[in-house]
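Data first, discussion second: the structure below is written as structure tokens.
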Amino acid sequence: MNNEYDEGQFTDDEYNGEYDDGYNDDYDDYDESDDYEEDDDSSSGGGKHGGSGKLFIIVLFLMAAIGGTYFGLRFLNVDIMKSFSIESILKGSSQDTASSDQSGQSSSEAAQSGEETEENTQNTENAENTDAQSSQDTSESEEVQNNTVKESEIKITFENDSRSKFLYFDDGYLYLTKDGAKYYLDLDTQKWNDTYTMSSVTGISNGKYAIINDVQGKNLRLYSTDGLAFSAQTDGNIVSCALNSQGTSAVIQKYGEDYKISVIRNDGQILMERFEQDSGIYPLSAALSEDSRILAVTYADTSDIEIKAKVLLFYVNKEDSKNTATGEFYAGIEKEDIIAPYIFALDGKFVIVYDKGLFAVDANGNEVWNTPISNRIDAVAVTQNGNIVLALGEQLAGSEGFENGTVYILNKNGKEKSEYLVGDDISYLNVAGKNIIIGSGNDFICINESAKENWHFTATQVIKDVFPYTGGNKVLVITGSEAKIIEAE
């Protein structure tokens, strides 16, 4: 469980839709392709998911507007709206009918008005900080002295448009660009490098393995701490990846009009493939047990009047399956009127994040705990010890929850362990080992699993990522053009 969920973070610019990691650019290119229009827009009515997809999205946004919930949850560096082409479907709907456009726009505004306000405030704060920095060197020195003890000479520099990304990887750092990957034990000790070509790269790590892929593309690469384990080209466009500590991955692909889920061993061998072809049934997220024996998948079922969330469990090895002939699920659970966009394995169970909380099922599909949350869940991450970290936003309509800007920490049984009040909107959440790093505006704070503060600093420029560095109060800070080490308070 070490680092699989470390990439549940989202930067302040990502949170406001501005972070230029190439996701939006590639997504827009993909949206304009002929194949994509044929598969998802289905204006002719011939696609299995086309019409129901539009209805599904409109219903989701109406639910968001009425219920006060927000489905922009960030987890494993995935935005459910972008991953499942929701934004493009909304665009297609708006071109078809004016009423669809008005429904999508008004619901989106209702769901994201808080984020727009934060964006305006953040831009103003950044402008003020920039003016102060350029006009008074002494003011900058005082701020650095108050918030940063020392800045190291060792740096990694890159171009602003390089779409660079860092992953915390087995106490080291995997540096990803669109041209290749480099693994650093620390900033001045590079262990290996690998070259490739991707338009926009993303990835997750778990223990001694990390998997990366081309966003909405077909390139997939698995690394161990010793280097490249395998590379592959998928049949469909990659929607999301899950990874266990053994290096086995579950990859959800958009495959023509349908979806395809592949389970791939750490040597590149495909252990299982499943096609999702039922109309109105959408796979949202997948997870694998630590022994790679069980695949768990969450679905949104829109085939009936009421939206349902389904969690189905499959044996990866057909010899283990009770339905070897069909490969169907052997256990499952169904809940009405909720959306469950994410699932992850934890301590022999599968934890499902839904729009009103979290619940867990065991390997037999039995619900073992359920923890309602009366706030918008903005981000989720899991520590090395298996504690679940939630970044909470505003309270849900008609509910009394936590104060906006609370970091809520649960143990692996769904019970409260601790909480930490930031006091403002949380724009960044990252977990590295046992460290929990929180961002709010320009302020970054590191706490432990008991919510005790380790260090903090105030940034004087836009920060993309923050990681602990070799213990203590040393911090690896990633900006738009460099990775550098500072010492925080």
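The values are calculated or read from the model by the stated rules, or taken from the named source; none is laboratory data. Fair warning: this is a prediction, and the values are worked out from it, not measured in the lab. Because the Cβ atoms are built from the backbone with ideal geometry, glycine has one as well, and the counts that use them run over all protein chains shown.
Could you list all residues from region 369-409 that are surrounded by 17 or more Cβ atoms within 10 Å (Cβ to Cβ), part of a loop (DSSP other than H, G, I, E, B) and either touching a helix residue (DSSP H, G or I) at 6+ places or on another chain (Cβ under 6 Å) or among the hydroxyl-bearing types (Ser, Thr, Tyr) (or both)?
Hit for region 369-409 is Thr383, nothing else.
Restricting to region 183-203, name every residue that is aromatic (Phe, Trp, Tyr), over 20 Å from Asp161 (Cα atoms) and surrounded by fewer than 20 Cβ atoms within 10 Å (Cβ to Cβ).
Trp192
Do you know which residues across region 213-233 are among the polar types (S, T, N, Q) and either modelled with pLDDT under 95 or in contact with a helix residue (DSSP H, G or I) (Cβ under 8 Å, 6 or more places away or on another chain) (or both)?
So the first thing to find is which residues in region 213-233 are among the polar types (S, T, N, Q), and the list is 213, 216, 219, 224-225, 231, 233.
Residue satisfying the conditions is Gln216 alone.
Among the residues of region 412-426, is any among the hydroxyl-bearing types (Ser, Thr, Tyr) and modelled with pLDDT of 95 or more?
Looking for residues that are among the hydroxyl-bearing types (Ser, Thr, Tyr) and modelled with pLDDT of 95 or more, one finds at least one in region 412-426, hence yes.
What do you reckon, is Ser303 in contact with a Gly (Cβ under 6 Å, 6 or more places away or on another chain), hydroxyl-bearing (Ser, Thr, Tyr) and surrounded by fewer than 16 Cβ atoms within 10 Å (Cβ to Cβ)?
yes
Output the residue which, of all residues in region 203-233 that are of a type in the set (D, E, K, R) and in a strand (DSSP E or B), is farthest from Lys178 (Cα to Cα).
From region 203-233, those of a type in the set (D, E, K, R) are 208, 214, 218, 221, 226; that's our starting set.
Restricting the remaining residues to those that are in a strand (DSSP E or B) gives 214, 221.
On the way: Asp214: 9, Arg221: 13 Å.
Per the stated criteria, the residue is Arg221.
Being over 19 Å from Tyr255 (Cβ atoms), at pLDDT 90 or above and either of a type outside the set (A, V, I, L, M, F, W, C) or crowded, with 19+ Cβ neighbours inside 10 Å (or both) narrows it down to one residue among Val311, Val297; which is it?
Residue meeting the stated conditions: Val311.
If you scan region 422-444, which residues turn out to be buried (at least 21 other Cβ atoms within 10 Å of the Cβ) and closer than 16 Å to Pro468 by Cα?
The answer is Tyr428, Leu429, Asn430, Val431, Ala432, Asn435, Ile436, Ile437, Ile438, Gly439, Phe444.
Name the residues in region 161-202 that are without any contact (Cβ under 8 Å) to a residue 12 or more places away in the chain and hydroxyl-bearing (Ser, Thr, Tyr), would you?
Passing the criteria: only Thr189.
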